[in-house]
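The values are calculated or read from the model by the stated rules, or taken from the named source; none is laboratory data. Keep in mind that what you see is a predicted model, and the values were worked out from it rather than measured. A quick note on method: Cβ atoms are made from the backbone with ideal geometry, for glycine too, and the neighbour counts reach across all protein chains shown.
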Amino acid sequence: MADLTDQVIIITGASSGIGEATAQLLAEEGARVVLAARREERLNELRDEIEADGGTALVVPTDVTDREAVGHLVDTAHDTYGQVDVLVNNAGIMPLSMMAKTHEEEWEQMVDVNIKGVLHGIGAVLPIMKEQGHGHVVNISSVAGRRVFPGGAVYCGTKFFVTALSEGMRNELSKQHNIRVTSIEPGAVATELTHTITDEDILESFEGMEMEPLASIDIAESILYAISAPNRVNVEEVLVMPREQAM
Ligand SMILES: NC(=O)c1ccc[n+]([C@@H]2O[C@H](COP(=O)([O-])OP(=O)(O)OC[C@H]3O[C@@H](n4cnc5c(N)ncnc54)[C@H](OP(=O)(O)O)[C@@H]3O)[C@@H](O)[C@H]2O)c1
């Protein structure tokens, strides 16, 4: 396994769930983590916990839908530490709804965060990674980037995009620029992700669902696996499902 000591790793969506667990785990492995999301207080608490455990963390409050703000995030990481080794493009929202209900505002928000937000991160780190001659972009897609379920037409569309984008990036960047690209594809994870759902029918359909979901740490471990693999290895896709989840 490659050593993560002092590697500079930017994590979007670090204020809760998978991003938070990933920041904690990678900081324990010695990485210097740069924490981005909108909820600054949550990021500050996480930084304090990491530092209390002897780790290094930097908070840069960021709305990933704002290209300039994401540029500022990456520049701040680079100015502070002089390098950017890994970007974990994790920020995402999932306001599921049936198409017939035409929740157009939520469709647009998903495009802005799950698609444009991911592109903003990539656009900001690539010049630095090209210049330094190495890098790793970890895009958090989903099982929803492989399978489409009722209520998930737009959300799945955004995650199919992330999976396709990751494949295209690998084709163009891995050999030519020594930039590895991984698509992480979780099944159901117990996080705050469902808090953005407003469609009553979808919320009702979740009630009485009996299944043990994954924990955020399960996904953090798969991210650690991908980025700590030796440089000759490109962990392309990791699909991690709860044992009891059928689709
Ligand atoms: N949970 C699952 O079952 C599951 C399954 C497959 C894939 N995923 C993917 O995993 C990723 C993380 O989600 P999670 O499950 O950990 O949910 P979560 O706990 O709700 O975390 C989502 C994170 O995204 C951030 N975020 C949302 N909008 C943002 C914006 N405009 N700018 C910056 N940050 C923003 C949130 O922070 P702020 O609100 O503070 O900005 C939060 O830190 C998402 O891409 C999600 O699609 C989750």
Residues of region 89-98 being in contact with a Phe, Trp or Tyr (Cβ under 9 Å, 6 or more places away or on another chain) and away from the ligand (no atom under 12 Å from the Cβ), in sequence order, are Ser97
Flagged in region 7-30 as surrounded by fewer than 24 Cβ atoms within 10 Å (Cβ to Cβ) and under 14 Å from Asn90 (Cα atoms), in numbering order, are Ser16, Gly17, Ala21
In region 199-247, residues that are among the polar types (S, T, N, Q) and within 13 Å of the ligand (Cβ to nearest atom) total 3
Return a yes/no flag: does region 174-183 have any residue that is part of a helix (DSSP H, G or I), away from the ligand (no atom under 11 Å from the Cβ), out of contact with any helix residue (DSSP H, G or I) (no Cβ under 6 Å at 6 or more places or on another chain) and touching a residue at least 12 places away in the same chain (Cβ under 8 Å). yes
Report task. Look at Thr196 and say whether it is within 16 Å of the ligand (Cβ to nearest atom), within 15 Å of the chain's Cα centre (by Cα) and among the hydroxyl-bearing types (Ser, Thr, Tyr). Result -> no
Check your understanding: Based on what the data block shows, is Glu185 over 23 Å from Pro213 (Cβ atoms) and either out of contact with any Ser or Thr (no Cβ under 8 Å at 6 or more places or on another chain) or modelled with pLDDT of 95 or more (or both)?
Key -> no
Would you confirm whether any residue within region 97-111 is within 23 Å of Ala226 (Cα to Cα) and free of Cβ contacts under 8 Å to residues at least 60 places away in the same chain?
-> no
Within region 122-140, restricting to residues that are in contact (Cβ under 8 Å) with a residue 60 or more places away in the chain and within 13 Å of the ligand (Cβ to nearest atom), the one that is surrounded by the fewest Cβ atoms within 10 Å (Cβ to Cβ) is Val138
